[in-house]
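Read through the structure below, which is laid out as structure tokens, and then see the notes.
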Amino acid sequence: MSLDPILHPDRSGLGELVPSRYALRVGDIDVMVVSDGVLALPGAMLGHNADPAVRAAWLEDMFLPPDMFEWALNAVVVRSGGRTILIDAGIGADPGLNLPRAGRLVQRLAAGGIDLASVTDVVLTHMHMDHIGGLLVDGVRDRLRPDLRVHVAAAETKFWESPDFSRVSMPPGFPDALRRTAKRFLNEYHSQLRPFEAECEVAPGVLVRRTGGHTPGHSVVRLASGGDRLTFAGDAVFQVGFDHPDWYNGFEHDPEEAARVRVRLLRELAANRESLVATHLSFPSVCHVAVAGDAFRCVPGPWQY
Ligand SMILES: [Zn+2]
């Protein structure tokens, strides 16, 4: 291939040299992690309650530049019991925030052989634009089935009617873009929403459970089949959250509760030894969690070829 795959992605996604999909099985459940791209965000977003010198030292230890951090952006497709479930949908068309390296989900699903018309269910971990934007790309809704079910916590749709941004620490422009995108999503998908209170079994072994914290309706997806287990943690866990689970991510609407949710989930995953996948962990993000003193370790799983 003569063109740089990052700067000149082939529109079909077939010619990309950087891997963007990774398939695995959890018992009888098929799982595919699909990358929407990466988001470059200020380093301060990693922990706005952290001492800036400690934060800079963490970035230095990770061989990363001091002021910008690249967040992976992963979505997941799950097949179980005859249903095809898309969990989160990437950021979609650039929402005017200069995030040109994300928004590739639709072309990458196509490259992975997943037709939008085959998707029976969408599960949303929450309604930040990097999780719903792909559903708002021109033409996508028309290619989805009219009987598509969109599962999201009732607390989440309620929150976005009048969202509270008083405790976040986001770059300028983000709160307005997030409000706008969530509002547009509620308008366009209103008739397909299937709100749930605490949890919802979307298909055999596919359970969505509300955690709150990051947003009031933030949810995780627990997969279990034949003794295998995997949790898609959405935005409950970020890369820095293993070393510093008590750092407040800039996008958390209730940072204290988000930290409690993170610690509880990481402890549980370390105890039951199940696999973890999360939106913003480096692709494909499949890992295990181990306890390391007061914090945790992310142990990447070996790639299964
Ligand atoms: Zn996110």
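Working only within segment 69-96, note down all residues that are more than 21 Å from Val206 (Cα to Cα) and in contact with a strand residue (DSSP E or B) (Cβ under 9 Å, 6 or more places away or on another chain). If you could, list the steps in order and put the result at the bottom.
Kept after step one, since they are more than 21 Å from Val206 (Cα to Cα), are these residues of segment 69-96: 69-73, 91-96.
Result: Phe69, Glu70, Trp71, Ala72, Leu73, Ile91, Gly92, Asp94.
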Could you check segment 117-134 and list, in sequence order, the residues that are open to solvent by less than 10 Å² (accessible area, probe 1.4 Å) and of a type outside the set (Gly, Ala, Ser)?
Val119, Asp121, Val122, Val123, Leu124, Thr125, His126, Met127, His128, Met129, His131, Ile132
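Of everything in segment 63-81, what is free of Cβ contacts under 8 Å to residues at least 24 places away in the same chain and either within 16 Å of the ligand (Cβ to nearest atom) or exposed (fewer than 14 other Cβ atoms within 10 Å of the Cβ) (or both)? Give them in sequence order.
Let us first name the residues in segment 63-81 that are free of Cβ contacts under 8 Å to residues at least 24 places away in the same chain, namely 63-66.
If the condition is that a residue be free of Cβ contacts under 8 Å to residues at least 24 places away in the same chain and either within 16 Å of the ligand (Cβ to nearest atom) or exposed (fewer than 14 other Cβ atoms within 10 Å of the Cβ) (or both), then Phe63, Pro65, Pro66 are the ones that fit.
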Sort out for me the strands (runs of 3 or more DSSP E) sitting completely within segment 182-232 that have 1 or more residues that are open to solvent by 80 Å² or more (accessible area, probe 1.4 Å).
193-196, 199-203, 206-210, 228-232
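Among what's in segment 46-62 and is open to solvent by less than 10 Å² (accessible area, probe 1.4 Å) and closer than 30 Å to Arg21 by Cβ, pick the residue that is farthest from the ligand (Cβ to nearest atom). So that I can check it myself, show each step before the final result.
Step one: list which residues in segment 46-62 are open to solvent by less than 10 Å² (accessible area, probe 1.4 Å), which gives 46-47, 59.
From what's left, closer than 30 Å to Arg21 by Cβ: 46, 59.
Values: Leu46: 13, Leu59: 19 Å.
Checked segment 46-62; the qualifying residue farthest from the ligand (Cβ to nearest atom) is Leu59.
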Being open to solvent by less than 10 Å² (accessible area, probe 1.4 Å) and under 15 Å from Asp130 (Cα atoms) is the filter here, so list the residues in segment 250-265 that pass it.
Gly250, Glu252
Check on Pro284, closer than 28 Å to Gly133 by Cβ, away from the ligand (no atom under 16 Å from the Cβ) and either of a type in the set (Ser, Thr, Tyr) or in contact (Cβ under 8 Å) with a residue 40 or more places away in the chain (or both):
yes
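Within segment 3-39, can you find the residues that are at pLDDT below 90 and closer than 30 Å to Asp67 by Cβ? Give the derivation first.
From segment 3-39, those at pLDDT below 90 are 3-19; that's our starting set.
Answer for segment 3-39, where residues must be at pLDDT below 90 and closer than 30 Å to Asp67 by Cβ: Leu3, Asp4, Pro5, Ile6, Leu7, His8, Pro9, Glu16, Leu17, Val18, Pro19.
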Pairing a residue in segment 248-270 that is touching a residue at least 60 places away in the same chain (Cβ under 8 Å) with any residue that is of a type in the set (S, T, N, Q) and open to solvent by 10 Å² or more (accessible area, probe 1.4 Å), where Cβ atoms lie under 8 Å and the two sit 6 or more apart in sequence or on different chains, gives Tyr248/Asn49; Tyr248/Ser169; Gly250/Ser169; Pro255/Asn49
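The values are calculated or read from the model by the stated rules, or taken from the named source; none is laboratory data. Since we're looking at a predicted model, the values are computed, not measured. For neighbour counting, all protein chains shown are included, and Cβ atoms are generated from backbone atoms with ideal geometry for every residue, glycine included. All accessible areas refer to the heavy atoms of the entire protein, side chains included, with ligands and DNA or RNA removed. Shrake-Rupley method; radii C 1.70, N 1.55, O 1.52, S 1.80 Å.
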